[in-house]
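Down below is the structure, laid out as C-alpha cells.
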Amino acid sequence: MSECLFCNIVARIIPAPLVYEDDLVVAFDDINPQAPTHTLVIPRRHVVSMAALQDSDGELLSRLMVASNKVAKLKGIVGSGYRVVINTGTHGGQSVFHLHIHVLGGRHLAWPPG
Ligand code: AMP
Ligand code: ZN
C-alpha cells in the first residue's frame, strides 16, 4: 500500500466509487462534500501539487481540466455553473498531497473564498 491516500484510491486499494476514469485521470466524490456536487479529479500518476508541475505536464493538466468539465456534465451542473479549485500548499489549504481538482456545484458558491 502506498503512503498516499489518493494513490491507494487509484490502485483500488481504498474503495471509492469512480465518477469518471480514463488512461490519465480518475474522479470520485469527496468524502466530506462542501456542495451538492463535490467531486475530486486527480491524475493517476502521483503528482504532489500544482507546485510540482513541470513544463512537460501540459498535456496532463489539460486532460485534468477537460475531465473536470466532463464530470460537471455527468453531474448535470454545467448549465447552472460550477467552480474548479486547486488548493496548493499550506496557504492554499491543501491537505492531501496528491494533485486534485475540486469540482463544486449544485448551489450558489460565494466569492471571495475564506
Ligand atoms: P484539499 O484540502 O484541497 O487537499 O482536499 C482534500 C480533499 O480530500 C478534502 O476535501 C477531503 O474531504 C477529501 N478526502 C479525504 N479523504 C478522502 C477519501 N477517502 N475519499 C474522498 N475524498 C477524500
Ligand atoms: Zn499519490
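Side notes on the structure shown:
- Residue that is surrounded by the fewest Cβ atoms within 10 Å (Cβ to Cβ) [pool: residues in segment 60-70 that are touching a residue at least 24 places away in the same chain (Cβ under 8 Å) and in contact with a Leu (Cβ under 9 Å, 6 or more places away or on another chain)]: Arg63
- Close pairs from segment 80-100: first closer than 19 Å to Ala110 by Cα and within 16 Å of ligand 2 (Cβ to nearest atom), partner part of a strand (DSSP E or B) and open to solvent by less than 80 Å² (accessible area, probe 1.4 Å), Cβ under 8 Å, at least 6 apart: Ile86/Ile101; Ile86/His102; Asn87/His102
- Within segment 31-42, one or more residues are surrounded by 18 or more Cβ atoms within 10 Å (Cβ to Cβ), polar (S, T, N, Q) and within 11 Å of ligand 1 (Cβ to nearest atom).
- Matching option when the condition is within 15 Å of ligand 1 (Cβ to nearest atom), of a type outside the set (Gly, Ala, Ser), surrounded by 17 or more Cβ atoms within 10 Å (Cβ to Cβ) and modelled with pLDDT of 95 or more, among His102, His91: His102
- Close pairs (8 angstrom Cβ cut-off, 6 or more residues apart or separate chains): under 20 Å from Arg63 (Cα atoms) in segment 15-37, in a strand (DSSP E or B) and open to solvent by 100 Å² or more (accessible area, probe 1.4 Å) anywhere: Ala27/Glu21
The values are calculated or read from the model by the stated rules, or taken from the named source; none is laboratory data. Just so you know, these numbers come straight off a predicted model, no measurement behind them. No Cβ is skipped: glycine too gets one built from the backbone with ideal geometry, and neighbour counts run over all protein chains shown. With ligands, DNA and RNA removed, areas are computed over all heavy atoms of the protein, side chains included. Shrake-Rupley method; radii C 1.70, N 1.55, O 1.52, S 1.80 Å.
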